[in-house]
1. Scan the helices (runs of 4 or more DSSP H) fully inside region 101-185 and keep the ones with 1 or more residues being among the small types (Gly, Ala, Ser) and surrounded by fewer than 17 Cβ atoms within 10 Å (Cβ to Cβ).
2. Starting from residues that are in contact (Cβ under 8 Å) with a residue 12 or more places away in the chain, part of a helix (DSSP H, G or I) and not acidic (Asp, Glu), keep the ones in region 238-251 and report whichever is surrounded by the most Cβ atoms within 10 Å (Cβ to Cβ).
3. In the list Tyr215, Tyr257, Tyr275, which residue meets the criterion of being assigned by TED's automatic domain parsing to the domain that holds Thr62 and at pLDDT 80 or above?
4. Go through (1) in contact (Cβ under 8 Å) with a residue 40 or more places away in the chain; (2) assigned to a helix (DSSP H, G or I); (3) surrounded by fewer than 22 Cβ atoms within 10 Å (Cβ to Cβ) one by one and return the number of the condition Glu81 breaks.
Amino acid sequence: MHYYFTYILKKWKMIFEKKLNDFLNNENTKQKIIVVYWPTASWKTGLSLEIAKLLNTEIISTDSRQIFRELNIWTWKITIEEMQWIKHHMIDFVNPDDEYSVWEFKSEAEKCIEDIISKQKIPVLCWGTWLYIDSLIYDFDIPNVPADEDLRNKLELERLEFWNQYIWDKLNGIDSNYAKELHPNNYRYVIRALEVKMLTWKSKTEFRTEKSLKYDVLFLTPYSWNREELYNKINKRIQMMFDDWLVLEVQNLLKKYSKNDFWMKTIWYKEVIDYLEWNITLQECVDLVQKNNRNYAKRQLTWFRKYEEDLEI
């Protein structure tokens, strides 16, 4: 990670230095925040660490999966050694069988932001769950709609009977704009979107129609703008995960938790479980995970393009 980041830093050193200097010296009265973003496997971690060291500050994870304990290999979770004594927040604090919403994340992460600011430091947000990032930097409402367990159970039973595409199609029929932001396999979010729409008759997109930046935000990315290179890195990373005993990690999780628990609903675990249940071969599993990860990166690229106006590359 560090070697590749050094290469990227040398390549774009003047760009990063200029943007950081302009950002630190501008006269915007809003509190400053740095967002390191773009798709999976684009070496955001390395960039965030270098910035945090340079500014003597702390990092807040905006990854919807690294919040879970015990999900280490699969989430490519940063290790204690890789943190290099830099304080990280919002990692490893939720049990895999616990429910956890974006609204809860926003509430906890905002406390971390306030704590870092109180130390006269600039928070650095890193990792690629776009909804988590947006929940912190934009001034818009997240629907605090209590769960309707009867409705949720009904939708889950429909999903189990007709599978993921069926409930995605159901959402697409009543809220096509938001459905386009979700993959059918990300069914927890699909069910939640259906729940909000059916209980309030509002799309989740309506809660962010008036959004504006709450902070003076500097958007930085180490992404090389080479999609083929990105996909190659994704394929290599996934293979490394399997080489690093990913299957064993999932097997150990299944000894403690049910495959229907919350942790299984994080993307890409299903493929490994399918392999463990003899539904696919190991190579089919690896190929499928690589394909789905590339597709996820495509959606990240689409979402994060709204930040491009802040890039001068």
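The values are calculated or read from the model by the stated rules, or taken from the named source; none is laboratory data. Given the structure is predicted, the values throughout are model-derived calculations rather than measurements. Heads up, the Cβs are rebuilt from the backbone with ideal geometry, glycines too, and the neighbour counts pull from every protein chain shown.
1. Details: elements: 102-118, 130-137, 149-162, 164-174, 176-179.
Helices (runs of 4 or more DSSP H) meeting the threshold: 102-118, 164-174, 176-179.
2. Filtering region 238-251 down to residues in contact (Cβ under 8 Å) with a residue 12 or more places away in the chain leaves 238-239, 241-242, 244-247, 249-251.
Filter once more, so that each one left must be part of a helix (DSSP H, G or I): 238-239, 241-242, 246-247, 249-251.
Then keep just the ones that are not acidic (Asp, Glu); that gives 238-239, 241-242, 246-247, 250-251.
Details: Ile238: 26, Gln239: 14, Met241: 21, Phe242: 18, Leu246: 22, Val247: 17, Val250: 21, Gln251: 13.
So, considering only residues that are in contact (Cβ under 8 Å) with a residue 12 or more places away in the chain, part of a helix (DSSP H, G or I) and not acidic (Asp, Glu), the one surrounded by the most Cβ atoms within 10 Å (Cβ to Cβ) is Ile238.
3. None of the other options fit; the residue is Tyr215.
4. Result: Glu81 fails condition (1) only.
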